[in-house]
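Input: a single structure, listed below in structure tokens.
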Amino acid sequence: MRKISILLIVLSLCFPYSVFAEELTFGQVLDDLTKAQKELEKNNQSVENVQGQIQKDNETIKNLESEIEEIKNENTKLQQEIAESYIEIDDKKEQIKDLVSYLQISQGENIYLDYVFGGDSITDLVYRLSIVEQITEYNEAMIKELTELITSNEKRKIELAENEKKAEQKIEDLNNEKARLTNTVAQLSSLSPSLKDEVKSKQELVNYYKSQGCSNRSDVIGIDCAKTASTSVFSRPIKTGYVTSFIDYRSICTKQKGCYSSFHKGTDMSSSTGKNTPIYSIGTGVITSKWTDLSGAICINVQYRDAQGTYYTAIYAHLSRYADGLYVGKTVTPDTILGYMGNTGNVTGIHLHLEVYPCRLYIDSNCKTWDSYSQYAENLFKKGYKGAESVINFPSRIYQTWYSR
């Protein structure tokens, strides 16, 4: 166990800037693409299901609107019937009033007797008695009919109130349903774009590796295929250009501080194509941040890993603008355009400022903060590391133009 520990210490001294990692195979890249495609397919299926539910809800809404319209029509009809019934009630009241006035006048019920026994014969007596009975029965029937009509009206009033309450509830339910659907549509419209971008990015990565000779799942990236074309680790970021300044100490003079020496940790380069020259990714990596610094320089940071597992941070600065479709977490390849050359920020001309150092900015202990990263870069320079020139094949002299990446 002690021998193993000693061996690990020796290895760490021999490779101070390497972060060991498992080898990446082409099969893993294909699996990542398949996984992203399945997630997108699953999301699309969810979208389709919700859209189907929306269609059903729309049909329900349509039926509810028809039902509410029927209730309104029924209520209108009930109102009319109630109004007509009150007219009939008033008419029957007048009939009863006339009948009572006719029968009772002022003598009360004695008029019935005077009328019945006022006949000239037995036949006339029976006839008169029959008439009184009929009048009495008619009076009772009319009173009963009037009572039933009043009771029916009261029931209809209750029914009308209940129908109105049902209609109000259905309208409320309808509005709630419409609000829920609106929210669902808003959620749906934000689901797919990021998944589509992820699939597109991973498909581009697979296509790139295929173009670099990767075909078998067991192919190790950087070893069996997608090998570096030269002794350099990464490609140049522009197709045609020249270095205007290598990393080194510079003399800076200001009114506030006077003249002092400052370490410039980036390699500056320009191109005869001038502003808006496409800036390519120097390798296959992942965008970890995009920002504009205090002086207004547009910057992008990409994290890379070489075939031996060493992580690198590359910072591209002073861009005129970003390329379309870029986002933090996106996988980029040497064919990916990150942005375009510019002169944003504190500059004296159009150029690209490129920093490439073997650490993960804001992650590894020696690059945990910007200050520690800057100090780490300066210490590496003192030990012989030359920044981007150590991992990219640049001409040895400034303003010496190259015409390929």
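The numbers here are math on the coordinates, done by the rules we state, and not lab data. What you are looking at is a predicted structure, and each value in this text was computed from that prediction instead of being measured. Note that we place each Cβ from the backbone using ideal geometry, even for glycine, and neighbour counts take in every protein chain shown.
Just a few scattered comments:
- Val50-Val328 FRET efficiency (beta carbon distance; Förster radius 30 Å; 0.05 resolution): 0.60
- Relative contact order (%) - criterion: Cα under 8 Å, at least six apart; region: the range 256-405: 25 percent
- Relative contact order of the range 320-404, pairs being alpha-carbon contacts under 8 Å that are 6 or more residues apart, as %: 17 percent
- With a Förster radius of 30 Å applied to the beta-carbon distance between Asp248 and Thr369, the computed FRET efficiency rounds to 0.80.
- Ranked list, fewest to most other Cβ atoms within 10 Å of each Cβ, for Arg305, Arg180: Arg180, Arg305
- Net lengthening on full extension, Lys383/Gln169 (0.36 nm per residue, minus Cα-Cα): 69.1 nm
- Centroid-to-centroid separation of the range 247-316 and the range 346-405 [C-alpha atoms, Å]: 7 Å
- With the largest listed first and rounded to whole Å, the semi-axes of the equivalent ellipsoid of the range 242-391 from the Cα gyration tensor are 23, 20, 14.
- Pairs exceeding a 30 Å alpha-carbon distance, out of Lys35/Lys386; Lys200/Lys275; Lys196/Lys368; Lys330/Lys382; Lys202/Lys383: Lys35/Lys386; Lys196/Lys368; Lys330/Lys382; Lys202/Lys383.
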